[in-house]
Amino acid sequence: MGGDPDPGPSAAEATLRAARGALRRDLGSPLWEAALQDAVAQRGWWLSQWPEGAPHVLGLVAQDVQEAVHQLDPLWPRCPEPSCPERLRHALFVEPDLGPDPFWTCHRTGLPVAPVGSLSGTGGSAPGTAAPQ
Ligand SMILES: [Zn+2]
């Protein structure tokens, strides 16, 4: 384990597990567990078709999960950016749509707010608690 670059089932599994853990932190509620599992399962299939897509999985799962959450809560995740004129009144979006190192971004100010997986440290009550498992 560790920095093994060999692409295989275990590498894909690690990618999916990391994405699931990151979104679980951002969601901060077991309410969305089913949507999260569904998104991860779909991207697991996608990754099996395109192993080179691994760096994109986190951002794609984040967008899939957001789409599911928006059916009930169209403002998730609420923008916590202090300089935003519509702070807490609009949802952040993932940028880039396809690429590594996705960020939750405020489209009103154009500012990146937090890396996907670290959202809970920006507006929540437990800053800096993200730790590798
Ligand atoms: Zn904003």
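The values are calculated or read from the model by the stated rules, or taken from the named source; none is laboratory data. All figures in this text were calculated on a predicted structure; none of them were measured in a lab. Note: ideal-geometry Cβ built from the backbone for every residue, glycine included; neighbour counts use all protein chains shown.
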Exercise. Among the candidates ALA41, ALA19, ALA68, ALA14, which residue alone is touching a residue at least 40 places away in the same chain (Cβ under 8 Å), small (Gly, Ala, Ser) and at negative phi?
Worked result: ALA19
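A quick yes/no check of all residues on (1) over 17 Å from the mean Cα position of the chain (by Cα); (2) within 13 Å of the ligand (Cβ to nearest atom); (3) at pLDDT 95 or above:
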{"position": "LEU60", "(1), (2), (3)": "no, no, yes"}
{"position": "GLN66", "(1), (2), (3)": "no, no, yes"}
{"position": "TRP76", "(1), (2), (3)": "no, no, yes"}
{"position": "SER83", "(1), (2), (3)": "yes, yes, yes"}
{"position": "LEU92", "(1), (2), (3)": "no, yes, yes"}
{"position": "THR105", "(1), (2), (3)": "no, yes, yes"}
{"position": "PRO112", "(1), (2), (3)": "no, yes, yes"}
{"position": "SER125", "(1), (2), (3)": "yes, no, no"}
{"position": "ALA131", "(1), (2), (3)": "no, no, no"}
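Test ARG17 against the stated conditions and say whether it is in a helix (DSSP H, G or I) and either charged (D, E, K, R) or surrounded by 14 or more Cβ atoms within 10 Å (Cβ to Cβ) (or both). Quick ask: steps written out before the conclusion?
On the way: in a helix (DSSP H, G or I): yes; either charged (D, E, K, R) or surrounded by 14 or more Cβ atoms within 10 Å (Cβ to Cβ) (or both): yes.
Taking the combined requirement at face value, the residue satisfies it.
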For this session: Mind listing whichever residues of region 106-115 are surrounded by fewer than 19 Cβ atoms within 10 Å (Cβ to Cβ) and in contact (Cβ under 8 Å) with a residue 12 or more places away in the chain?
Result: HIS107, ARG108, THR109, LEU111, PRO112, PRO115
Exercise. Applying the selection to region 65-83, what residues are surrounded by fewer than 19 Cβ atoms within 10 Å (Cβ to Cβ) and in contact with a Lys or Arg (Cβ under 8 Å, 6 or more places away or on another chain)?
Worked result: LEU75, ARG78, PRO80
For this session: Scan (1) within 16 Å of LEU23 (Cα to Cα); (2) in a loop (DSSP other than H, G, I, E, B); (3) among the hydrophobic types (A, V, I, L, M, F, W, C) for the single condition ALA114 breaks and write down its number.
Result: (2)
Problem set entry | Residue check, TRP45 of a type outside the set (Lys, Arg), outside any loop (DSSP other than H, G, I, E, B) and at pLDDT 95 or above | yes
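Take GLN71 and tell me if it is out of contact with any Asp or Glu (no Cβ under 6 Å at 6 or more places or on another chain) and part of a helix (DSSP H, G or I). If you could, list the steps in order and put the result at the bottom.
Working: out of contact with any Asp or Glu (no Cβ under 6 Å at 6 or more places or on another chain): yes; part of a helix (DSSP H, G or I): no.
It is false that GLN71 is out of contact with any Asp or Glu (no Cβ under 6 Å at 6 or more places or on another chain) and part of a helix (DSSP H, G or I).
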